[in-house]
1. When you go through Lys165, Lys98 one by one, which is the residue that is out of contact with any Asp or Glu (no Cβ under 9 Å at 6 or more places or on another chain), among the basic types (Lys, Arg) and more than 30 Å from Thr247 (Cβ to Cβ)?
2. In the list Met222, Met183, which residue meets the criterion of being of a type in the set (A, V, I, L, M), under 19 Å from the mean Cα position of the chain (by Cα) and at positive phi?
3. Could you grab me the full set of residues in segment 123-138 that are buried (at least 16 other Cβ atoms within 10 Å of the Cβ), closer than 19 Å to Pro205 by Cα and out of contact with any Ser or Thr (no Cβ under 8 Å at 6 or more places or on another chain)?
4. Check off (1) more than 14 Å from Leu179 (Cβ to Cβ); (2) touching a residue at least 24 places away in the same chain (Cβ under 8 Å); (3) out of contact with any Lys or Arg (no Cβ under 7 Å at 6 or more places or on another chain); (4) not basic (Lys, Arg) for Leu66 and give me the number that stays unchecked.
5. Quick one: is Ser265 over 25 Å from Val123 (Cβ atoms), over 15 Å from the mean Cα position of the chain (by Cα), surrounded by 17 or more Cβ atoms within 10 Å (Cβ to Cβ) and not acidic (Asp, Glu)?
6. Tally time: how many residues in segment 32-91 are aliphatic (A, V, I, L, M), within 17 Å of Gly3 (Cα to Cα) and not in a loop (DSSP other than H, G, I, E, B)?
7. Quick one: in segment 207-253, which of the residues that are touching a Cys at 6+ places or on another chain (Cβ under 9 Å) and of a type in the set (A, V, I, L, M, F, W, C) is nearest to Phe143 (Cα to Cα)?
8. Do we find that His164 is under 15 Å from the mean Cα position of the chain (by Cα) and modelled with pLDDT of 95 or more in this structure?
Amino acid sequence: LSGRLAPPMHGMGLLDSISEATILENSDPLDMNKDGISGRPNYVFSHSLQRDEIGRFGWKANEPTLHDQDAAAFNGDMGLTTTLFPGENCGTDQSVCKDLPNGGEPEVTDKQLNLMVHYSKFVAVPARRNSELPDVIKGRELFIEANCQSCHRPTMTTRDDASHKLLSGQKIWPYTDLLIHDMGDELADNRPDGLANGSEWRTSPLWGIGLTAAVNGHEFYMHDGRARTLEEAILWHGGEAEASRETFKGMTAENRAALLEFLKSL
């Protein structure tokens with residue numbers, strides 16, 4: 001088993017509207033530019049499109065479209081069937097589950113799934129706060145100095161032919177590259193998913209991360225909630241992010257605090 005936190009849902013329609021070409025612009029699996037960052041796409045099967053696509057959603061980028069993500073969440077998180085996932089999610093060892101009656105009509109109709117996808121598509125991204133404060137401005141500079149933006153890329157632009165005009169041609173600030181990266185042995189769950197191996201994880205979008213405590217009533221970060229603060233989350237970074245972590249550790253207490261204030265403003 002590998003523990004998982006439920007990721008935030010805001011901005012999913014915008015991420016779904018990023019073109020494949022835009023994602024691939026930042027792919028560098030062989031680290032040809034020698035910056036220590038070797039992000040690559042996770043290609044996974046799309047049940048909605050019936051072909052392999054670049055993964056965008058999930059901790060290992062294991063769901064390629066919002067339609068796939070919502071249907072997979074119904075099935076894997078709630079045990080509800082759809083036309084995309086008509087079978088019960090019993091896992092490999094749950095013999096009792098497998099022996100129970102199954103079949104019939106999907107528990108979530110196509111209409112209901114489409115409504116859920118429509119809702120998910122338009123959950124808005126929280127507005128930034130305190131972006132004009134000196135500590136936040138300084139923290140952004142330190143974020144770049146630590147090379148965090150090599151994976152947590154600040155901006156992308158959605159494609160012009162997105163599924164809705166409100167999602168088309170939008171410059172967004174998600175702070176992700178939607179690629180998978182080797183994050184080191186300490187974060188590894190040794191659970192492959194698509195092309196992602198046991199130590200590779202999708203770069204989590206940072207937009208809205210500063211509201212985690214206010215919205216959730218707690219602060220748990222990383223795929224399994226092991227980090228209880230943003231500082232702990234940074235210190236859990238390894239692998240391709242080790243150099244950035246060490247740069248953060250080498251900062252003065254004042255500079256570390258400024259970088260954290262920048263993250264809280266997102």
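The values are calculated or read from the model by the stated rules, or taken from the named source; none is laboratory data. Because the structure is predicted, anything quoted here is derived from the model rather than measured. Quick reminder, even Gly has a Cβ in these numbers, built from the backbone with ideal geometry, and neighbours come from all protein chains shown.
1. Working: Lys98 fails: out of contact with any Asp or Glu (no Cβ under 9 Å at 6 or more places or on another chain).
Among Lys165, Lys98, only Lys165 is out of contact with any Asp or Glu (no Cβ under 9 Å at 6 or more places or on another chain), among the basic types (Lys, Arg) and more than 30 Å from Thr247 (Cβ to Cβ).
2. Details: Met183 fails: at positive phi.
Unique residue meeting the criteria: Met222.
3. Val125, Pro126
4. All conditions are met except number (3).
5. Working: over 25 Å from Val123 (Cβ atoms): no; over 15 Å from the mean Cα position of the chain (by Cα): yes; surrounded by 17 or more Cβ atoms within 10 Å (Cβ to Cβ): yes; not acidic (Asp, Glu): yes.
Here the answer is no, as Ser265 does not meet what is asked.
6. Final tally of qualifying residues: 3.
7. Phe248
8. Numbers: under 15 Å from the mean Cα position of the chain (by Cα): no; modelled with pLDDT of 95 or more: yes.
When the stated conditions are applied, His164 does not pass them.
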